[in-house]
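These notes are about the structure you will find just below.
All of the numbers you see were taken from the coordinates with simple rules; none came from a lab. Note that this is a predicted model, so its numbers are computed, not measured. Here the Cβ positions follow ideal geometry from the backbone for every residue, glycine too, while neighbour counts run over all protein chains shown.
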Amino acid sequence: MKIFAIGNVFNPSGVSSHIINVLKGLSKLGEEVTLYVPYFLVDNKIEILKDLEKAGVQIYPFVYDYIQKYKSKIRTTNYFIESHTVIFRWNDIGADKVLLRDLDRIKPDIIYDMHEDTITLRLSYYLGKKLNVPVVKLLHDEPFRYSSFGRGYRKILGLQGFIYDALMSIFYKFDKRAYEIPMEDGILRGIAAVSYASIYYSKLDEIAKKYHVAVKVYEIGNAFDKELIFKYRRIKDKGDYAVFFARLVPQKGLMELPKIAERLSTKIIVFGKLFSEKYKKNLQSKNIEYRGYKPIEEVYDTVSKAKVLIYPSHQDGYSLVVLDTLALGTSVVAYDIPAIRFVYGGLKPVKMVKEYDYLSLAKVANEVLSMPEKEYVMEHEDEKVRAFIEKHSDWLNVAIETRDFLKQFTRNAI
């Protein structure tokens, strides 16, 4: 099967980690994989592309050219607006139009668009239409919310959050229409999701059913690096501290962090990149020890020795932070947002409290901190927990499930 994959491998996030590891896995399984990174998503981290090539993934030549000519638009205001107003420029794919003139070189069986953005969906749509091949879209987060006033930012950012929620409520209508167009035209044939959370919010399963588009929620949506994580994994002899690591932004719980910290019986060690200096004050509680953006080995070593991860996130599609923490042998206390419920519900070391209830989160975290070691170990050695960790310990499992779904749409499926 010849797969033409579209995705951003340069953004340091769980999304890029998924794309990189799944593409390597598909190549290992014998599939012919070509990666295309749109001009507005490129970065100068050529080593990432070289690593993919070593694993057998072909990089479309234009990507190297783009690196010399363009800079990533990610996290810019222009990109934010453009990505949510695609339907008003549906015929304009920008500098990526050179790809449509190079179709003789592209002869895939399928186009796999590995992010929920409508801006890449527009490109995938035109490629699929020109080449007469099916397009499958992958969701990490929800591309829109079907009946929601924004994302609830007003509850954590006040007036600023209310304005953002109001804007997103308008954008969601545009994004929904951008998904309907390729479904109506029979180009978008499949939608996959790393967890049910994105489907839950968007109701894309109901919309897709109308257009006879297949929807698949992967049983194993993500995995962890077993070789690296198991170097640090420990469920005994834990340190007397909590830990938090994520992007240091309000949607990951940064605003609640000092309120939680002052109610804990011990300190919280925090790792992550601070994206705005105005939020630095949220890391200045006496119970918070901010260590900055550190190498992953240092983070894993510290997390494995901690007794609990504090995770007051409001926005996740899966949460590799929780997956890695669980694999490291450390318990988690998080808000009961859909991604955490659907992926980690029923696992004893993952405790959940109602979203925004930071008082209960601190209370449950203190209970974990005071938990006897024997009880703590028993929770982590629970049969269901061990099975979950084993199943998610190999990215090849994710690639196999991906391959099996993609083959449903190809003429050469065997």
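Numerical summary
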item	result
Amide hydrogen neighbours beyond the local backbone of Ile6, cut-off 5 Å, H modeled	Tyr36, Tyr112, Asp113, Met114
Pairwise centroid distance, computed over Cα atoms, of segment 324-365 with segment 1-44, Å	30 Å
Length added when fully stretched, Lys281-Glu297, from 0.36 nm per residue minus Cα-Cα	3.1 nm
5 angstrom amide H check on Val33, placed H, neighbours 5+ away	Ile3, Gln58
His392 long-range amide H proximity, modeled H, under 5 Å	none
Counting all C-alpha pairs of segment 291-382, share separated by more than 22 Å (%)	25 percent
Segment 1-159 - percent relative contact order, Cα under 8 Å, separation 6 or more	24 percent
Tail weight of P(r) past 17 Å, computed on alpha-carbon pairs of segment 336-414, percent	64 percent
Label zone at Glu367, where the point sits 7 Å out along the Cα-to-Cβ direction: segment 278-313 residues whose backbone N lies under 20 Å	307-313
For segment 211-348: relative contact order, % (alpha-carbon pairs under 8 angstrom, 6 or more apart)	30 percent
Distance (nanometres) between label positions extended 7 Å along Cα→Cβ at Glu262 and Lys97	5.7 nm
Potential lengthening between Lys155 and Tyr211 on full extension [0.36 nm per residue; Cα-Cα distance subtracted]	16.6 nm
Of Tyr344, Tyr125, Tyr164, the one that fluctuates the most in a GNM where the chain has Cα springs shorter than 10 Å	Tyr164
Whole-number percent relative contact order across the chain, with pairs defined as alpha carbons under 8 Å at least 6 apart	15 percent
Fully extended contour minus Cα-Cα distance, from Lys273 to Phe174, at 0.36 nm per residue	32.5 nm
Percent breakdown of C-alpha pair distances by 20 Å bin, ordered from the shortest bin, for the chain	26, 57, 17, 0
The chain: calculated mean residue ellipticity at 222 nm from DSSP helix runs of at least 4, using -39500 (n - 2.57)	-12500 deg cm²/dmol
Sorted by Cβ neighbour density within 10 Å, fewest at the top, the residues Thr410, Thr402	Thr410, Thr402
Per residue convex hull volume, Cα atoms of segment 226-391, in Å³	100 Å³
Estimated vicinal HN-Hα couplings, Hz - segment 318-324 in sequence order (Karplus 6.51, -1.76, 1.60; Gly, Pro = x)	7, 6, 6, 4, 5, 4, 4
Those chymotrypsin sites (Phe, Trp or Tyr not before Pro) in segment 229-278 that DSSP places in a loop and that have at most 13 other beta carbons within 10 Å	Phe275
Neighbour-count order for Lys24, Lys97, fewest beta carbons within 10 angstrom listed first	Lys97, Lys24
Packing-based exposure ordering (other Cβ within 10 Å, fewest first) of Glu256, Glu355	Glu355, Glu256
